[in-house]
1. Name every residue in the range 48-78 that is among the hydrophobic types (A, V, I, L, M, F, W, C) and either more than 26 Å from His239 (Cβ to Cβ) or within 15 Å of the chain's Cα centre (by Cα) (or both), in order of residue number.
2. Quick one: Phe42 ticks every box in (1) within 19 Å of Ala123 (Cα to Cα); (2) at pLDDT below 95; (3) aromatic (Phe, Trp, Tyr) except a single one, so which number is it?
3. For the range 202-215, indicate whether the set of residues that are part of a strand (DSSP E or B) and of a type outside the set (Ser, Thr, Tyr) is non-empty.
4. Determine if the range 203-225 includes at least one residue that is surrounded by fewer than 15 Cβ atoms within 10 Å (Cβ to Cβ), of a type outside the set (D, E, K, R), more than 23 Å from Met35 (Cα to Cα) and in contact with a Phe, Trp or Tyr (Cβ under 7 Å, 6 or more places away or on another chain).
5. Look at the range 141-191 and say how many of its residues are surrounded by 18 or more Cβ atoms within 10 Å (Cβ to Cβ), out of contact with any strand residue (DSSP E or B) (no Cβ under 9 Å at 6 or more places or on another chain) and assigned to a loop (DSSP other than H, G, I, E, B).
6. When only residues in the range 121-140 that are of a type outside the set (D, E, K, R) and assigned to a loop (DSSP other than H, G, I, E, B) count, which is most open to solvent (accessible area, probe 1.4 Å)?
7. Could you tell me whether Gln281 is touching a residue at least 60 places away in the same chain (Cβ under 8 Å) and polar (S, T, N, Q)?
8. How about the range 78-120: which of its residues are open to solvent by 30 Å² or more (accessible area, probe 1.4 Å), in a loop (DSSP other than H, G, I, E, B) and among the small types (Gly, Ala, Ser)?
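The values are calculated or read from the model by the stated rules, or taken from the named source; none is laboratory data. Since the structure is predicted, the reported quantities are computational estimates derived from the model, not experimental observations. Counting neighbours? That spans all protein chains shown, and the Cβs are built from the backbone with ideal geometry, glycine included. Just the protein is used for accessible areas: all its heavy atoms, side chains included, with ligands, DNA and RNA removed. Shrake-Rupley method; radii C 1.70, N 1.55, O 1.52, S 1.80 Å.
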Amino acid sequence: MKFEIVKYNSSHKDEWNSFISTSKSGFFLFDRDFMDYHSDRFTDHSLIIFNHNKIAAVFPANELDKQIVSHGGLTFGSLIISHYAKASEVLKIFSEIKKYYQEQSFDEIIYKAIPHIFHKYPAEEDLYALFRHEALIFRRDISSVIDLSNPIRFSETKRQLVRKCEEKGITVAETNQFEEYWSLLASVLQKFDAKPVHSLKEITLLSKKFPDNIRLFEARKDGNLLAGIVIFDFGNVIHTQYMAASQDGRKLGALDFINYTLINLFGNKKYYSFGISTESQGKYLNEGLIQQKENMGARGITLDFYSIKL
């Protein structure tokens, strides 16, 4: 079994994207049109693993001093493998990747494992390979997810807010115009000394490139914007990437109403994800934040970060 490791460059874009679309755990975040929108912020050092001139796996990654991070600009990294890859082959691929980066004088790989709910088909051969290569978990976040095949009912307080919104004639609709919502989102985040990961220009560009995957839903009353949610559609999973509400929207529970609407709209999917409620590398749990998600029926999965010494 012979694998060839090749550093990615732009000439590989089409074959990379084609492989991502047919792999077990590839989704639009790993499409080069998504990865490369912020290429100026990261020194890419992704790998393509060939077997008899066919792609067996790809490894999205960037350099950070003496570290390789998979991937600093994405929620997840991980080795992306084909449906045909066997466990023994993945072990061999890990060995080849480690050898390659060692020869390039790097001393550590940071590996952000993709949670199982995002896999199109069982794809945890990498977790076994991490164990075999003595990788250590150094960070673990908890993320809140609803199983849409058997959702837990909203709490009574949340149900009351949903009824109030219905009675007041608040509407939820999709839009591809991000300007007004991004202004609201930025003002809400500014109170916490934060700002959106994506600028207005970036999210507009990405939503045009991936219109089926990046979508904005707003709650309005008489034309006035009360709240919004940007969702990332991963196929099996609907993930709420950005949520924000105006002062009036918070009083009315407009975000709860959008979530209630979307949970029903996407009932044919497997999971509805709210994201993490942890800070400080997973060491601090924001109990108020996670309670809001749990009151909508969400329960926990983990997002694990591994260190592989080279």
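1. Answer for the range 48-78, where residues must be among the hydrophobic types (A, V, I, L, M, F, W, C) and either more than 26 Å from His239 (Cβ to Cβ) or within 15 Å of the chain's Cα centre (by Cα) (or both): Ile48, Ile49, Phe50, Ile55, Ala56, Leu74, Phe76.
2. Every condition holds for Phe42 apart from (1).
3. Initially, the range 202-215 is screened for residues part of a strand (DSSP E or B), giving 214-215.
The next check asks that each one be of a type outside the set (Ser, Thr, Tyr); those that pass are 214-215.
Yes, the range 202-215 contains at least one residue that is part of a strand (DSSP E or B) and of a type outside the set (Ser, Thr, Tyr).
4. No; the residues of the range 203-225 include none that is surrounded by fewer than 15 Cβ atoms within 10 Å (Cβ to Cβ), of a type outside the set (D, E, K, R), more than 23 Å from Met35 (Cα to Cα) and in contact with a Phe, Trp or Tyr (Cβ under 7 Å, 6 or more places away or on another chain).
5. 1
6. By that ranking, first place goes to Tyr121.
7. yes
8. Listed by number, the list holds a single entry, Ser105.
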